[in-house]
Amino acid sequence: MANLFAKCVPVVLLLSVWLQSSGAQLTVDDVTRVFPPVNESDSRTPLYVALMLAFSGGFVSAPIAPGVQIALNLINADQSLLPGYTLHYTFSDSQCSRAVALDSFYNEVVWAEPIKIALIGAGCSVATEPTAANSHFYNITQLACGSSSAGLEDRERFRKYFQLIPNDLELVPGFFGLMQFFGWNRVVIIQQEEDLFSLTVESLQERFNAANRQREIDGIPLFTTEVKTFNSIEGIADLEGEGVDLFDEFATIHILAMYSDNARQVICEVSIMFSEGAI
């Protein structure tokens, strides 16, 4: 048991692995398509914002919908904020998918009535990138509160996009500090092939390389790293199909740079390997 615990402790999840609660999740049917409903007796002019969240896929951002509803109610209740106007959202589901998000962007935001003055979304970095690359062509200001890819800070590509949370590169010094503190020198990174994760992993590897140059001088054991990459379509089956082992028993730390759906599969696979005595 102690040996099992010693092996399990070094398995760490990069913060980009968002493990969702196992409790009940919101569904698309739980969210009103237009909120708040337009009151025909209100003389104020309604303004519409597109709200695009993900109810499925690697990262589920739908739970923020009630918070947006509360914010709209507070804004509309204070007539000094938008004199003569009320603010509403029209809702769509990106499914945390590039293709679905882009389809929703054109069919439910750009071409659909009523006219939208802004877009909040698209629920995760993977879905936000293609929409943010196009929103400025239609003079639509886009905000995202659940997308943290460093690639989204490219102002040439994403000209009217604004990120409301720090990007994942801000987390790298903390992760690197933990590995130094605990002496985790043999690092295995299992990475989903998306900018959100690859840019973070590249930054972490730069830290390792810089530290190794100094460690060679000081005579301290070097960091050794191995990166195992899989594509988003096939998931970890992409690695297994190539005969790549998910778990390396000689590593002192495993970092999972991926969305939660793939992370759960990796953790389950490792648990099965433990139970069968394979590691």
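Among the residues making up region 65-98, those that are in contact (Cβ under 8 Å) with a residue 60 or more places away in the chain and not charged (D, E, K, R) are Phe91, Cys96. Where strands (runs of 3 or more DSSP E) fall entirely within region 127-246, those with at least 3 residues that are aliphatic (A, V, I, L, M) are at 186-192. Is there a residue in region 123-133 that is at pLDDT below 90 and either open to solvent by less than 10 Å² (accessible area, probe 1.4 Å) or among the acidic types (Asp, Glu) (or both)? Within region 123-133 (the criterion being at pLDDT below 90 and either open to solvent by less than 10 Å² (accessible area, probe 1.4 Å) or among the acidic types (Asp, Glu) (or both)), the answer is yes, since at least one residue qualifies. Within region 31-73, track down each residue that is surrounded by 11 or more Cβ atoms within 10 Å (Cβ to Cβ) and assigned to a helix (DSSP H, G or I). Selection gives Ala62, Pro63, Ile64, Ala65, Pro66, Val68, Gln69, Ala71, Leu72, Asn73.
Taking region 212-237 as the range and being crowded, with 16+ Cβ neighbours inside 10 Å and more than 21 Å from the chain's Cα centre (by Cα) as the test, the residues that pass are Asn212, Phe223, Thr225.
Which of the residues belonging to region 106-123 are farther than 17 Å from Cys145 by Cα and either part of a helix (DSSP H, G or I) or touching a residue at least 60 places away in the same chain (Cβ under 8 Å) (or both)? Hits for region 106-123 are Tyr106, Asn107, Glu108, Val109, Val110, Pro114, Ile115, Lys116, Ile117.
The single condition among (1) surrounded by fewer than 14 Cβ atoms within 10 Å (Cβ to Cβ); (2) closer than 30 Å to Ile120 by Cβ that Gly177 does not meet is (2). Contact map, region 183-207: residues that are free of Cβ contacts under 8 Å to residues at least 60 places away in the same chain paired with residues that are aromatic (Phe, Trp, Tyr) and open to solvent by less than 10 Å² (accessible area, probe 1.4 Å), Cβ distance under 8 Å, separation 6+ or inter-chain. Pairs shown: Glu193/Phe230. Remark: pairs (first residue in region 254-271, in contact (Cβ under 8 Å) with a residue 12 or more places away in the chain and surrounded by 20 or more Cβ atoms within 10 Å (Cβ to Cβ); second residue among the hydrophobic types (A, V, I, L, M, F, W, C) and in a helix (DSSP H, G or I); Cβ separation under 7 Å; 6+ apart in sequence or on different chains) = Leu256/Ala263; Leu256/Val266; Ala257/Phe197; Ala257/Val201; Met258/Phe197.
The values are calculated or read from the model by the stated rules, or taken from the named source; none is laboratory data. Note that this is a predicted model, so its numbers are computed, not measured. Here the Cβ is made from the backbone with ideal geometry for all residues, glycine too, and neighbour counts use every protein chain on show. Calculation scope for accessible area: heavy atoms of the full protein, side chains included, ligands and nucleic acids excluded. Shrake-Rupley method; radii C 1.70, N 1.55, O 1.52, S 1.80 Å.
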